[in-house]
Amino acid sequence: MSETIDTLDFRRDFPHLDRCIYLNTAATGLAAPGTGEAAARMYGELQSRGYDAQPLWMAERRRVLGLLARLLNVEADWIDFASSSTDALTRALQALPLKAGERVVVPDDDFPSVKAALEDLKSRGITVARVPIADEAQRTEALIDALPGASLLAVSHVHWETGTRVDLARLSAACRARGTLLAVDGVHAVGAIPVDASLADVYVTSFFKWTLAGFGLGLGVVRPALRERLEPRQRGYANLAPSRLLAHSHANYPGIFVLGAALDYLEKLGHARIENRVAKLQAELSTRLIADGFAVATPAEAAAGIVALKVPDPVGLARSLDERGIRTSPRGAMLRLSPHFYNSSDDLAACCAALVTLAGQDA
């Protein structure tokens with residue numbers, strides 16, 4: 001199999017690309033072919049067979065867990081399904097064996113859900129320290145410097161606003177050397193870059209971005225050594241005490257069927273080939289924008305699919321691009337562009353040309 005992907009081979013699988021230049025996968029990816037049919041299959045079986053179709057649901061669940069285990073470099077029984085990455089992270093953090101007087105750290109500018117998931121810990125007498133990030137290129141270093149005395153580090157694998165990827169291997173080594181637990185939100189990473197979720201004690205993600213599987217399903221990976229110490233706060237028939245499982249009821253089986261179809265599509269293309277393609281497009285777009293005089297906030301050596309531009313009016317600029325058929329997202333002080341494997345160099349060139357024109361109009 002070729003190590004590169006020719007977008008012309010499959011752009012027809014994503015008809016929205018005929019109507020616009022879609023550089024917004026970090027917000028929501030275009031659904032993979034076959035996902036709608038997969039959901040219909042689940043509901044068709046439910047309509048025609050009811051509970052008699054349960055063996056089919058369970059078989060697909062086991063199959064998808066196997067696909068996820070390979071993708072994330074973990075064992076299938078490390079995984080709990082949830083409704084989203086936020087749901088999975090909240091359940092996991094609530095269940096951690098932390099006590100009053102302990103200290104946890106989080107980047108001050110991390111995604112709101114990551115910071116909010118830690119708020120409940122304050123009511124248990126736990127201190128939440130927010131680490132300022134003065135330099136994107138030093139994001140990993142700043143977090144390592146904040147670890148002494150910390151019981152937990154919670155962090156996004158890829159920053160939602162700047163697109164900076166933390167060095168997960170370095171963070172993992174530093175945390176384990178100090179006995180600090182590491183919880184990671186990988187929603188902006190999985191499907192865009194290689195992910196070794198075994199490096200974290202807790203790793204969560206959803207599937208509506210780079211994995212092209214829509215909403216309503218997420219997961220949490222928990223290392224076995226930590227699983228034995230969890231104290232789940234949310235209990236149900238699926239995790240009655242003394243179970244350490246975080247999933248307390250049935251999974252989203254239609255979502256599992258959809259995810260299975262999306263992963264089948266991505267595996268056929270090859271995850272490594274897709275990740276290489278994403279890296280190439282990100283680097284090409286960043287290089288073009290820097291050459292055009294734009295301030296790119298995403299460090300080249302720590303990128304993961306996203307290109308973040310520092311601009312005076314991200315909301316206005318995104319609106320102007322949208323009027324030209326170019327889809328992007330304003331995020332805080334940044335304009336976020338996120339090409340996926342289905343984008344082309346022509347897409348990037350057209351976006352850059354539009355940005356140059358708009359910048360000239362504002363000058």
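Some points to look at:
- Counting only helices (runs of 4 or more DSSP H) wholly contained in the range 218-315, the ones carrying 1 or more residues that are buried (at least 22 other Cβ atoms within 10 Å of the Cβ), small (G, A, S) and in contact with a Ser or Thr (Cβ under 9 Å, 6 or more places away or on another chain) occupy 253-269, 271-291.
- R170 meets each of the listed conditions (1) of a type outside the set (A, V, I, L, M); (2) open to solvent by 10 Å² or more (accessible area, probe 1.4 Å); (3) not in a helix (DSSP H, G or I) apart from (3).
- First in the range 268-282 and more than 15 Å from V307 (Cα to Cα), second anywhere and open to solvent by less than 40 Å² (accessible area, probe 1.4 Å) and part of a helix (DSSP H, G or I), Cβ under 8 Å, 6 or more apart: H271/L71; I274/L266
- Residue check for A213: among the aliphatic types (A, V, I, L, M), buried (at least 21 other Cβ atoms within 10 Å of the Cβ), touching a residue at least 60 places away in the same chain (Cβ under 8 Å) and in a loop (DSSP other than H, G, I, E, B): yes
- Those residues of the range 317-330 which are under 19 Å from N343 (Cβ atoms) and open to solvent by 60 Å² or more (accessible area, probe 1.4 Å), in sequence order: D322, R324, R327
- Filtered residues of the range 173-205 (kept if surrounded by 18 or more Cβ atoms within 10 Å (Cβ to Cβ) and more than 25 Å from L263 (Cβ to Cβ)): A174, C175, T180, L181, L182
- Selection status of G149, in a loop (DSSP other than H, G, I, E, B), among the small types (G, A, S), under 28 Å from A272 (Cα atoms) and at pLDDT 95 or above: no
- The set of residues from the range 10-25 being assigned to a strand (DSSP E or B) and in contact with a Ser or Thr (Cβ under 6 Å, 6 or more places away or on another chain) comprises just one member, N24.
- Residue list for the range 334-346, restricted to those being within 16 Å of H16 (Cα to Cα) and open to solvent by less than 10 Å² (accessible area, probe 1.4 Å): S338, P339, H340, F341, Y342, N343
The values are calculated or read from the model by the stated rules, or taken from the named source; none is laboratory data. It should be emphasised that the depicted structure is a prediction, and the values quoted were computed from it without experimental measurement. Don't worry about glycine lacking a Cβ; one is built from the backbone with ideal geometry, like all the others, and counts go over all protein chains shown. SASA here: full protein model, heavy atoms, side chains in, ligands and nucleic acids out. Shrake-Rupley method; radii C 1.70, N 1.55, O 1.52, S 1.80 Å.
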